[in-house]
Structures are given as C-alpha cells and as structure tokens.
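In what follows, a structure is listed as structure tokens, so that the remarks can point back to it.
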Amino acid sequence: METLLTALRAAAEPTRLRLLSLCDRGELTVSELVQILGQSQPRVSRHLKLLCDARLLDRFREGSWAFYRLTEQGDMAKMARDILSHLPEKDDVMLLDRERLAQVRAMRAELAQKYFRENAAQWDEIRSLYADEAEILAHIRPLLPESPSEDYLDIGTGTGQFMIAMADFAKRCVGVDLTHEMLQLARANIDKANLRHLTVRQGDMYQLPFPAESFDLITFHQVLHYAEDPAQAVAEAARLLRPGGRLMIIDLQPHDMEMLRENHAHRRLGFETEQVHGWCQQSGLCALKASNLAGNPLAVGVWCADHPRQDARKAA
C-alpha cells in the first residue's frame, strides 16, 4: 500500500508528469531536461529524485553524467505506463515538450556525426577487411531463437548499429560500451531508428552493471579481439545469461595482419574455435557447432553457446 501511495504522490504534479512522458521517449540527462522544461537545474533534479525514489524512473551514471529513463521492469514499470496512458496526446504543454525534445535530439545527432566524421576513415578501413554486416546478419538469423527473446544484451555495442539490426529479435535490447563517445553515437542512431525498446549503458565488459541471469540473448560482435582477457569477458556474459539463454560471439578467425594490432588496438589476431569453445565450457555453457564466413581478406567466425536449462541442471 505504501509503495503504491508513494508512486501516486510522486506522479501527482505537472512537472513530474512531463518528466515521466519525456523519459518514456528515451534516456535524457538533467541538462537536457532543464533545456526542454525551461526550469532551474535544482528544481528539475528534485523532481527527478522523487520519481526515482518512487521507482517510476531509473537513473544510471555514465562517467560524470547521469541519465534518466522510465523504469523498465517490475510492478512500477507497469504503473508508470498506466499513468502515461491517461495523458492527453494533444496537450499544448506536452506538444511543446516533444518539440523541444526533437531539438535536443537533433543537437545530439549533430555532435555524434561530428565525432563519426573524425573517426570514420579508421572504422571504414577495418570494416572493409571482413564480411559485410548484412551478410553476417543473414548468416546468424537461423542461429537465433525462433521467437523474440525477452531481454537482449549487446556487449561492446559501439555505434549501436548491430543492436539496431537485431532489434526485431528481442522485446528489450540493451547495448553496453565503455566509451562515452561511442554511446553518444549509439543514442543518436537509436533516435534516428525510432526504436524505443533499445537503450545503451556505460559499462566494463568484465564487470557489467546487471544482476545474474538478466538476459536471454547476449552478443559479442567484433569485440573480443580488443579484450585483454576474453575468457573473463565470456565468464561475465555467462553470469548474465538465463537458463536456456544463448551467447553468440561474432569475431575474426586467426590471421596475420599485424597492422591491426599496431594501428587499430587489436589485442588478438583472431580466435580458434577450440579457444572460444574452451572459454564457454569453463563458464558453464554448452558450446555449439561453429560456422564461418569468408572475408576480404579476413574471415569471420560465429560461435554459439547455450546456458543449460534449469531442468537439465537438476537432472545432472
């Protein structure tokens, strides 16, 4: 009863209703919300704290920044959406908020594109060496669960493009990356694609900010060749996988292009199937048959592993 009353009291104020509506449309910083609402930062921060305390909003840090988003899971998520369903779509204040939100997103996209332009040459050079992304996606489709997963995690999401391409395969998609600039790009790309069930977080692949057994599908897409300890990264992914869930690793097969190590920070020059299967098995996963795609000149490997189902573990 007290939890319900706290949530209702928190939402029962015009500015806080506006904040709930805005944070339902994507993750936003305090400064962005201040810009949209035209109110002081202390006032907006106080309203945000009340909504977070009532568990109607989620708050997460990314370096020195804090982002806010409508809570995604649990009873409070349902309540928040029930409250928002009663807001008038054509209210003048709400329409102005959405117009200002569009301006904030346009500024975000402009900054992201500036960063992309400054780094695009390096990324294009690397991408041109291995299989086309559309070809990779077509190759892995038969390896994905037949019905959409509840929760999907893309570790090392970068610009978010792979997660966007995978958006149809899960009801909730989360991308994690350590680099703030990459997350700016990812958010801009998600905004452009208008995929509201996608979100990104800052996090270290060795110590991810989620409880155990949080995801049904997890991917590493062209990430582990940058890792100091790929086995540890796989073990952390295994911790987050639910029973019956699937881990998918898409990365380079062994090659001898030292320039990728010297010029592009690659720590590993591709992986053998035995290596990848060994990491999965050490983490308690059941490794499946591997497959590969020819590249130009680099070949790409696709490795899958499943978390043993609950009934299988009991039988064992």
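List the relative contact order of the chain as a percent without decimals, with contacts defined as Cα pairs under 8 Å and 6+ residues apart.
Rounded, it is 13 percent for the chain.
Find how much the distance from residue 91 to residue 60 grows on full extension, using 0.36 nm per residue of separation minus their present alpha carbon separation; answer in nm with one decimal. Before the final figure, lay out the partial values.
Values: separation 31, 0.36 × 31 = 11.16 nm, distance 2.96 nm.
Length difference between fully extended and current span is 8.2 nm.
Give the separation of the Cα centroids, the range 277-305 to the range 49-89, in Å.
38 Å
So if a site counts as exposed when it's one of the GluC sites (Glu not before Pro), its DSSP state isn't H, G, I, E or B, and it has at most 16 other Cβ atoms within 10 Å, what's the longest stretch of the chain without one?
The answer is 1-71.
Could you tell me which of the pairs 49/90; 49/78; 78/192; 114/171; 78/114 are separated by over 29 angstrom between their Cα atoms in the structure shown?
Pairs exceeding 29 Å: 114/171; 78/114.
Just to verify a number: FRET efficiency for residue 296 and residue 206, C-beta to C-beta distance, R0 = 35 Å, to 0.05?
Numbers: r = 32 Å, r/R0 = 0.92.
Computed FRET efficiency for residue 296 and residue 206 comes out at 0.65.
Can you tell me how much longer the chain between residue 40 and residue 111 gets when fully stretched, taken as 0.36 nm per residue apart minus their C-alpha distance, in nm with one decimal?
Details: separation 71, 0.36 × 71 = 25.56 nm, distance 2.42 nm.
Here the segment from residue 40 to residue 111 would lengthen by 23.1 nm.
Going by the alpha-carbon gyration tensor, a ≥ b ≥ c the square roots of its eigenvalues, is the range 166-316 rounded (a/c under 1.5) or, if a/c is not under 1.5, prolate (a/b greater than b/c) versus oblate?
Since a/c reaches 1.5 but b/c is at least a/b, the shape of the range 166-316 is classed as oblate.
Relative contact order for the range 129-315: what is it in percent, counting Cα pairs under 8 Å that are at least 6 residues apart?
About 21 percent, as a whole number.
Each value in this text was obtained by applying a stated rule to the coordinates, not by laboratory testing. Computed from a predicted model, the values in this text were never measured in an experiment. Every residue, glycine among them, receives a Cβ derived from its backbone with ideal geometry; neighbour counts consider all protein chains shown.
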